[in-house]
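**Student:** To start, I am sharing the structure in question, which I have written as structure tokens.
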């Protein structure tokens, strides 16, 4: 019975996303000359479609200190990443005028991925360092021109176990280049709700904690490694044991 319910929910959710994203793609094509408008339209689309998808995957979301998101805008929002659920939470929470950073492979996803590729948000080629750097420069330019926020998953991939993975340095480079504060957002137990590479949904209470902003005005390239390590430790300390890296438990 559970499989049937999951199949029905997934069918409804997929139909909803495909129908609405096909309309969005058409609108974005006509808006190609206006990147700022495309970004804001996709932000609003995310707030429109995400609640239905979260219902579909049976995520009961509880928010903590949510007011810090809008109060910090523009900012760099960093979040742990364990599930597709996280993507729709990001779309729901990211302030209007915020730009996302995702791997280029997402553009291959029919309708949803096409909409992302047209949206004005950034697709990063992680296997091509020069293109990745050019993409980061593009984000910095957007921040300066449009007062844009940035949403990034600094682990670079989803964690199967829900435990925090090492952070890549891109978020720190962006903080130094833009001077924006960093707002850590912790998403708990989403990996139980929608496991990686699965379409089986488990009803789960997903807690979202928005931490206090981190001032990056004094960050420099010379101290970049130190700031990455400090941010990683801050996330580890704020996460419950079940989400902390195993190597910390052994130390």
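**Student:** Based on the Cα gyration tensor of segment 190-251, what are the three equivalent ellipsoid semi-axes, each the root of five times an eigenvalue, rounded to whole Å and given largest first?
**Tutor:** Semi-axes (√(5λ), whole Å): 30, 15, 12.
**Student:** Taking every pair of distinct Cα atoms and averaging 1/r, then inverting, what Kirkwood hydrodynamic radius in Å comes out for segment 93-238?
**Tutor:** Its Kirkwood hydrodynamic radius stands at 16.6 Å.
**Student:** Let me see the P(r) profile for segment 152-192: every Cα-Cα distance counted, bins of 5 Å, each bin given as a percent of all pairs.
**Tutor:** Answer for segment 152-192: a P(r) of 5, 20, 27, 22, 13, 9, 4, 0 percent.
**Student:** Compactness ratio of segment 1-118: Cα Rg over 2.2 N^0.38 Å, N = residue count?
**Tutor:** Ratio of Rg to 2.2 N^0.38 Å for segment 1-118: 1.11.
**Student:** Oh, and also: Assuming 1.567 mPa s and 4 °C, estimate D for segment 147-216 with Stokes-Einstein, Rh taken as the Kirkwood radius over Cα pairs, in µm²/s.
**Tutor:** It diffuses with D of about 93 µm²/s by this estimate.
**Student:** Kindly state, as a whole number, the per residue volume in cubic angstrom of the convex hull around the alpha carbon atoms of the chain.
**Tutor:** 124 Å³
**Student:** Can you list the equivalent-ellipsoid semi-axes of segment 51-152, largest first and in whole Å, using the square root of 5 times each Cα gyration tensor eigenvalue?
**Tutor:** Semi-axes, largest first: 23, 19, 12 Å.
**Student:** Over the chain, what is the relative contact order in whole percent, taking alpha-carbon pairs under 8 Å and six or more residues apart?
**Tutor:** 26 percent
**Student:** So if R0 is 22 Å, what FRET efficiency would residue 237 and residue 67 give, r being the distance between their Cβ atoms, rounded to the nearest 0.05?
**Tutor:** Rounded to the nearest 0.05, the efficiency is 0.50.
Read-outs throughout are calculated quantities, based only on the coordinates presented, and are distinct from any laboratory measurement. This one's a predicted model, so the numbers in the text were calculated from it and none came from an experiment. Neighbour counts are summed over all protein chains in view; Cβ atoms, including those assigned to glycine, are modelled from backbone coordinates with ideal geometry.
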